[in-house]
Amino acid sequence: MKHTTYLLFGITLTVLSFSGFMVPGDSIGAPSKEQVEQQRTDIRKMAESTLKRLYDTQPSAQKAVKKAAGYAVFSNFGLKILFFGGGSGKGLAINNATGKSVYMQMIEVQAGLGIGIKKFRLVWVFENQSDFDNFITSGWEFGGQATLAAQSSGEGAALAGAISIKPGVWLYQLTDDGLAAELTAKGTKYFKDQNLN
């Protein structure tokens with residue numbers, strides 16, 4: 001099972017690179033100081049615009065994000081060609097108590113017949129400091145395929161529209177059509193961006 005996952009990651013990365021699809025600002029090799037600063041600026045702007053879209057779509061989310069121990073915002077670009085597909089993205093995790101930011105990456109692998117391109121934004125909300133810290137230090141991984149449905153109302157309705165990942169950890173998924181009612185996680189991994197931190 002582990003070998004199959006690594007094989008799918010490898011095939012997906014090959015497909016994405018040959019197709020010319022890379023995360024904006026990515027380059028082969030270590031980025032220069034100017035590139036690093038530009039990528040950080042782009043990610044911060046993406047996070048701000050994503051939060052604005054979320055709050056416009058679901059006003060109660062603003063209270064949930066501000067009350068949380070921390071939150072993270074990601075932008076994802078995905079591509080699927082026949083049996084293999086995947087995506088990559090960059091994001092920012094922010095500790096509400098300290099204001100400290102950590103730059104992160106995500107990668108996704110899919111199997112199954114299909115062709116298409118998808119773009120979406122994700123906003124993670126961590127109610128507990130320990131869950132936020134684990135996300136930063138150990139990352140997060142969805143194995144296999146898990147379909148998670150959004151709550152019609154969260155605690156005190158502040159988390160309405162969010163998907164419950166586990167107690168105290170919530171996720172909003174924004175697509176071009178608005179807030180998604182369902183998240184299908186297929187081999188998605190989150191980890192620190194070594195170049196930007």
If VAL23 satisfies every condition in (1) exposed (fewer than 12 other Cβ atoms within 10 Å of the Cβ); (2) of a type outside the set (Asp, Glu); (3) at pLDDT below 50; (4) closer than 22 Å to ILE136 by Cα but one, which is the exception? (1)
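Residue-by-condition table, conditions (1) at pLDDT below 60; (2) among the hydroxyl-bearing types (Ser, Thr, Tyr); (3) crowded, with 19+ Cβ neighbours inside 10 Å; (4) over 19 Å from ARG40 (Cα atoms):
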site: ALA69; (1), (2), (3), (4): no, no, no, yes
site: PHE74; (1), (2), (3), (4): no, no, yes, no
site: LEU82; (1), (2), (3), (4): yes, no, no, yes
site: GLY91; (1), (2), (3), (4): no, no, yes, no
site: ASN96; (1), (2), (3), (4): no, no, no, no
site: TYR103; (1), (2), (3), (4): no, yes, yes, no
site: MET106; (1), (2), (3), (4): no, no, yes, no
site: ARG121; (1), (2), (3), (4): no, no, yes, no
Looking only at region 142-180, count every residue that is at pLDDT 65 or above, at negative phi, under 17 Å from the mean Cα position of the chain (by Cα) and of a type outside the set (D, E, K, R) and tell me the total. 15
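The values are calculated or read from the model by the stated rules, or taken from the named source; none is laboratory data. Bear in mind the structure is a predicted one, so any value in this text is a computation, not a measurement. Methodologically, a virtual Cβ is constructed for each residue, glycine included, from the backbone with ideal geometry; neighbour enumeration extends over all protein chains shown.
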